[in-house]
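The values are calculated or read from the model by the stated rules, or taken from the named source; none is laboratory data. As the structure is a computational prediction, the values presented were derived from the model and not from experiment. No Cβ is skipped: glycine too gets one built from the backbone with ideal geometry, and neighbour counts run over all protein chains shown. Note: accessible area is taken over every heavy atom of the protein model, side chains too, but ligands, DNA and RNA are not part of it. Shrake-Rupley method; radii C 1.70, N 1.55, O 1.52, S 1.80 Å.
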Amino acid sequence: MALGLLIIRLVIGLSFAAHGSQKVFGWFGGYGPKGTGGFFDSIGIKPGVLMAVLAGLAEIAGGLLFAAGLWTPLGAALIVLIMLGAIIKVHAKNGYWVTSNGYEYNLTLIAIAVGVALIGAGEYSLDALM
């Protein structure tokens, strides 16, 4: 079980942190604060650049905490909050399926984050060492 939780935490957490790096640093093909901020402004999240940086930092922090299994409930909460925001502002109006830009993927990430937070990070985590 511990190895399974480690794999889940690493894949989800590091992927989430990478998405934040797209917003904050423009890494991995991202648009950086200015480009992401422009999108945020266009969907009513203002001021766009500031909110893009804050969202990106929350994704980086939440993802890294989740991946490391350090304060896992906090990392999971950050993931959940960001995904709820994405559902409300972008995906809900498109229905469930990701093929229609719906919230299927976001809800899956929420379920994983909440599930791991409830189960615990597992033996191979910083939480277990503390």
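Couple of notes before you dig in:
- Restricting the range 39-50 to residues that are part of a helix (DSSP H, G or I) and touching a helix residue (DSSP H, G or I) at 6+ places or on another chain (Cβ under 6 Å), the residue that is least open to solvent (accessible area, probe 1.4 Å) is G48.
- Cβ-Cβ under 9 Å pairs, at least 6 apart or on other chains, the range 41-69 side of a type in the set (K, R), far side crowded, with 17+ Cβ neighbours inside 10 Å: K46/F40
- Residue within the range 10-27 that is under 19 Å from L129 (Cβ atoms), open to solvent by 20 Å² or more (accessible area, probe 1.4 Å) and at pLDDT 95 or above present: yes
- Restricting the range 90-109 to residues that are within 17 Å of G20 (Cα to Cα) and of a type outside the set (A, V, I, L, M), the residue that is farthest from the chain's Cα centre (by Cα): Y105
- Residue check, A61 in contact with a Leu (Cβ under 8 Å, 6 or more places away or on another chain) and among the small types (G, A, S): yes
- N101, sole failed condition from (1) closer than 20 Å to A52 by Cβ; (2) without any contact (Cβ under 8 Å) to a residue 60 or more places away in the chain; (3) crowded, with 23+ Cβ neighbours inside 10 Å: (3)
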